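S.K.: Supplied in C-alpha cells, the structure appears directly below.
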Amino acid sequence: MDWAEGEARIATLAGDVTSEAVNAEAVALAEERFGRLDALVLNAGLPAAGSMEELPLEQFDRVVDVNLKGPLLGIRAGAPALRRAGGGAIVVTASISGLGGDPGMFAYNAAKGGVVNLVRSAAFELAKDRIRVNAVCPGPIRTHMTEPVIAAAPDWAEGLLAHIPLGRWGEADEVAAVIEFLASPAASFVTGTVLPVDGGVRAGSGQFRPPSIG
C-alpha cells in the first residue's frame, strides 16, 4: 500500500472530546467516509498533580471532563453507529492509577477510577447489541506526556523503575497492540474487562520492590 492509498483511509477532525457536538461529528465523519463504524477507541487523557486541599477546582473539573466525561460522550455518540453496523467494539484508555491511589494524584485517580466502572457498566448495557466494551490500563509508559516528567525528575523515574518487575518502562506501541487486540475479532468473547499493561506493577502487593533485573 502506498502513502496515497493509506492517506485515503484516514479522516481527521480537530476538537474537544468534552463536547457532545464534536463526538457526534467524529462519528458522522467516520460513517460518511468509510460507510460504517466497527470500533471506537477513546484515548484522550489529561494528568493533574496536587493535593485535595490545594488543587484548583477548575483543574479538577477539567481532568474529570477530559478523562471521564469524554469517554462517556464518545460511547453515547458511537453506540448507535456500532449498533447500525451490527455490533462492534469500544476500547477506553483508563490507567493503573484508576485501580489504586497515588500520592498527590487524587484528581487523576478519581477520574480514571470512574472510567474503569464506566466501562464495566457500558459492557452490561451494550452487550445485547453485540457491542463489546473494554478498558486498557497502562502503567509506566514512555509517551509525549511522560517524557518531560522523566526528564525533569530523573530520581523519581528511577525510583518508579524499581517497582516494575520487567525492569523497564513500557512503550506506546505495546499499549497500542493491546488496544488493537481488544478492538479486533480475536477478542470476540471479551467484554467488561480491565486489562493492565504495566510490566507487572499490579501483580504485587506494593509492600516490596521486585528483585533487581540484571
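The values are calculated or read from the model by the stated rules, or taken from the named source; none is laboratory data. All values derive from a computational prediction rather than experimental measurement. Note that we place each Cβ from the backbone using ideal geometry, even for glycine, and neighbour counts take in every protein chain shown.
S.K.: Filter the stretch 174-214 for residues that are part of a loop (DSSP other than H, G, I, E, B) and charged (D, E, K, R) and give the result.
M.R.: Our first condition is that a residue be part of a loop (DSSP other than H, G, I, E, B); within the stretch 174-214, this holds for 184, 188-193, 198-200, 204-214.
Answer for the stretch 174-214, where residues must be part of a loop (DSSP other than H, G, I, E, B) and charged (D, E, K, R): Asp198, Arg209.
S.K.: Further, regarding this structure: Looking only at the stretch 171-205, count every residue that is within 20 Å of Ala44 (Cα to Cα) and modelled with pLDDT under 95 and tell me the total.
M.R.: Count: 0.
S.K.: Okay, next question. Suppose we filter the stretch 47-62 for residues that are buried (at least 18 other Cβ atoms within 10 Å of the Cβ) and either free of Cβ contacts under 8 Å to residues at least 40 places away in the same chain or closer than 28 Å to Phe181 by Cβ (or both); how many remain? Can you show your working first?
M.R.: Going residue by residue through the stretch 47-62, those that are buried (at least 18 other Cβ atoms within 10 Å of the Cβ) are 48, 60.
Within this subset, residues satisfying the condition of being either free of Cβ contacts under 8 Å to residues at least 40 places away in the same chain or closer than 28 Å to Phe181 by Cβ (or both) are none.
Adding up the residues that qualify gives 0.
S.K.: In the stretch 50-90, which residues are part of a loop (DSSP other than H, G, I, E, B) and in contact with a helix residue (DSSP H, G or I) (Cβ under 7 Å, 6 or more places away or on another chain)?
M.R.: Residues of the stretch 50-90 part of a loop (DSSP other than H, G, I, E, B): 51-56, 85-87.
Selection gives Met52, Leu55, Gly87.
S.K.: Quick check: is even one residue across the stretch 105-115 out of contact with any Pro (no Cβ under 9 Å at 6 or more places or on another chain) and β-branched (Val, Ile, Thr)?
M.R.: Within the stretch 105-115 (the criterion being out of contact with any Pro (no Cβ under 9 Å at 6 or more places or on another chain) and β-branched (Val, Ile, Thr)), the answer is no, since none of the residues qualifies.
S.K.: Yes or no: the stretch 36-47 includes at least one residue that is part of a helix (DSSP H, G or I) and either in contact with a Leu (Cβ under 8 Å, 6 or more places away or on another chain) or among the hydrophobic types (A, V, I, L, M, F, W, C) (or both). Outline the logic, then answer.
M.R.: Narrowing the stretch 36-47 to residues part of a helix (DSSP H, G or I): none.
Looking through the stretch 36-47, none of the residues is part of a helix (DSSP H, G or I) and either in contact with a Leu (Cβ under 8 Å, 6 or more places away or on another chain) or among the hydrophobic types (A, V, I, L, M, F, W, C) (or both).
S.K.: Could you give me the residue pairs with C-beta distances under 8 Å whose first residue belongs to the stretch 181-203 and is free of Cβ contacts under 8 Å to residues at least 12 places away in the same chain, whose second residue is in a helix (DSSP H, G or I) wherever it lies, and which are 6+ apart or on separate chains?
M.R.: Correct list of pairs: Phe181/Ala187.
S.K.: Could you give me the residue pairs with C-beta distances under 6 Å whose first residue belongs to the stretch 154-171 and is farther than 16 Å from Asp102 by Cβ, whose second residue is surrounded by 16 or more Cβ atoms within 10 Å (Cβ to Cβ) and of a type in the set (Val, Ile, Thr) wherever it lies, and which are 6+ apart or on separate chains?
M.R.: Gly170/Ile141
S.K.: Moving to a separate point now. So for the stretch 11-28 (the condition being surrounded by 14 or more Cβ atoms within 10 Å (Cβ to Cβ), over 19 Å from Val92 (Cβ atoms), modelled with pLDDT of 95 or more and not polar (S, T, N, Q)), does at least one residue qualify?
M.R.: Checked against the condition, which is being surrounded by 14 or more Cβ atoms within 10 Å (Cβ to Cβ), over 19 Å from Val92 (Cβ atoms), modelled with pLDDT of 95 or more and not polar (S, T, N, Q), the stretch 11-28 yields at least one hit.
S.K.: Among the residues of the stretch 144-192 satisfying the criterion of being among the β-branched types (Val, Ile, Thr) and within 14 Å of the chain's Cα centre (by Cα), which is surrounded by the fewest Cβ atoms within 10 Å (Cβ to Cβ)?
M.R.: Within the stretch 144-192, the subset among the β-branched types (Val, Ile, Thr) is 146, 149-150, 164, 175, 178-179, 190-191.
Now restrict to residues that are within 14 Å of the chain's Cα centre (by Cα): 175, 178-179.
Values: Val175: 20, Val178: 18, Ile179: 21.
That would be Val178.
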